[in-house]
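A short write-up of the structure that comes next.
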Amino acid sequence: LARQRDAARTRAFGLFDAHRWIEGEDVWTEVEALSSQEEQHYRIASGNLESALLLDSTRAGLRDSFADLTFERLLRAEQDHHRDLADELAARMVAYDDGRHQAELRANARIELTIVPAETRVWSERPGAPRQLVGQAPLAALTLPPGSLVLSFEAPGHVAARLPVLLSRGETLELKVELPTAESAPPGMVYVPPGRFLFGSADISDLRRGFLHAAPLHQVWTEGYFIGRYEVTFAQWIEFLDDLPPDERLRRSPRVSTQSSL
């Protein structure tokens, strides 16, 4: 079931990324049905092992089997972005694991950075933690705990860059960051190098489809781009509208419905 669901997930994400949303939603319905079956089988297997442990907690292999099953469920919960379930399973696993899976959960990630120009200064930022200077390019490979962080890059005569990074435990991620020259970017911009990020929503399908109009949450890759350092102001928007031909200006202007719903 897990293999079938993984294949269906990959197919659905490919359809969403190709903007074939109706077909993507059809396949995602299949994914959800397989997910429900998979979780049912996991619960049955977990309940059977727990019953066996209550009958004979000293029986060889039972604790290992339960730890293995719980760890497998934990990884599946993380893949589906079900953080609460993953945390619950991690807490349950501690009582039965001999340390093997705990070591896997603590495994760090490795980032290998190729940075241009040389002598670019690199900082690391994590939510709720102060900005830390990592060093100056060229850098040796970085060993970091899994999770989300932002790497920022600054070099004289070049546009500053910020790269969001999502690290999985035990992975090695190779990234190339080439800072554009200052004259190549409009004023007030920062550069986001090529990289991956999470796109979509992990909310239940009714909310995701009906309100958010988003694809299921999954990892995508984007090429490098410039983005404003600060949000666009109304004054900047009006200046933008003033530069457009009349027909285009009207199309880009805000609209307010004056129709009564009564």
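The values are calculated or read from the model by the stated rules, or taken from the named source; none is laboratory data. The structure presented is a predicted model; accordingly, all values stated were derived computationally and were not measured. Note that each Cβ is placed from the backbone with ideal geometry, even for glycine, and that neighbours are counted across all protein chains shown. The area values use the complete protein model at the heavy-atom level, side chains included, leaving out ligands, DNA and RNA. Shrake-Rupley method; radii C 1.70, N 1.55, O 1.52, S 1.80 Å.
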Worksheet, complete the sentence: Cα-only Rg/Rh for segment 105-222 with Kirkwood Rh rounds to 1.04
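Counting Lys +1, Arg +1, Asp -1, Glu -1, what net charge surrounds Arg252 among other residues with beta carbon under 15 Å of its beta carbon?
On the way: positive: Arg249, Arg251, Arg255; negative: Glu239, Asp242, Asp243, Asp247, Glu248.
Taking every Cβ under 15 Å from that of Arg252, the sum is -2.
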Worksheet item: Ranked by accessible surface with a 1.4 Å probe, highest first, in what order do Trp28, Trp237 come?
Response: Trp237, Trp28
Worksheet item: How big is the Cα convex hull of segment 1-99 in projection, averaged over all directions, in nm²?
Response: 6.9
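What dipole magnitude, in Debye to the nearest 20, does the chain give about its Cα centre under +1 on Lys/Arg Cβ and -1 on Asp/Glu Cβ?
On the way: 29 positive and 39 negative charges, 51 e Å.
That gives a dipole near 240 debye.
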Response to the item:
For Val116 the rounded accessible area (nearest 10 Å², probe 1.4 Å, non-protein molecules ignored) is 60
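Taking every DSSP beta bridge that has both residues in the chain, what percent is antiparallel when rounded to the nearest 5?
Details: 29 of 38 bridges.
Given both bridge residues lie in the chain, the antiparallel proportion sits at roughly 75 percent.
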Practice prompt. Treating the angle as unsigned and between 0 and 90°, give the value, to the nearest 10°, between the Cα long axis of helix 2-17 and the longest Cα principal axis of the chain.
Written response: 10
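Once the other residues with Cβ under 14 Å from the Cβ of Leu212 are scored (Lys, Arg +1; Asp, Glu -1), what is the net sum? Numbers along the way, then the final one.
On the way: positive: Arg208, Arg209; negative: Glu25, Asp203, Asp206.
Residues close to Leu212 contribute a combined charge of -1.
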Worksheet entry | Carbon + sulfur, % of accessible area of the chain - ligands and nucleic acids excluded, 1.4 Å | 55
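Mind checking segment 180-262 for GluC sites (Glu not before Pro) that DSSP puts in a loop (not H, G, I, E or B) and that have at most 13 other Cβ atoms within 10 Å?
On the way: sites: Glu183, Glu223, Glu231, Glu239, Glu248; in loops: Glu223, Glu231.
The qualifying sites are Glu223, Glu231.
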Worksheet item: Which value in deg cm²/dmol, rounded to the nearest 500, describes the helix-derived mean residue ellipticity at 222 nm for the chain, given -39,500 (n - 2.57) per DSSP H run of n ≥ 4 and division by the residue count?
Response: -12500 deg cm²/dmol
Fill in: Simple spin-label estimate for Arg126 and Leu54 in nanometres, 7 Å along Cα-Cβ
4.0
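Over the chain, with the other protein chains present, what is the accessible area per residue in square angstrom, probe 1.4 angstrom? Can you show the working numbers first?
Working: 16700 Å² over 262 residues.
Per residue, the chain has 64 Å² of solvent-accessible surface.
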Worksheet, complete the sentence: Computed curve, the chain, Cα-only Debye sum without solvent term, log₁₀ I(q)/I(0) at 0.11, 0.13, 0.14 Å⁻¹, is -0.88, -1.09, -1.17
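What's the magnitude of the charge dipole for segment 63-196 around its Cα centre, counting Lys and Arg as +1 and Asp and Glu as -1 at the beta-carbon? Answer in Debye, nearest 20. Please report the intermediate quantities before stating the final value.
Values: 15 positive and 19 negative charges, 42 e Å.
Charge dipole of segment 63-196: 200 debye, to the nearest 20.
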Response to the item:
Taking alpha-carbon centroids only, segment 105-144 lies from segment 1-64 a number of Å equal to 35
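For a quick check of your reading of the filter: which trypsin sites (Lys or Arg not before Pro) in segment 119-168 sit in a DSSP loop and have no more than 13 other Cβ atoms within 10 Å? All intermediate terms of the calculation are to be shown ahead of the outcome.
Working: sites: Arg121, Arg131, Arg162; in loops: Arg131.
For trypsin sites (Lys or Arg not before Pro) across segment 119-168 that sit outside H, G, I, E and B with at most 13 neighbouring Cβ atoms in 10 Å, the list reads Arg131.
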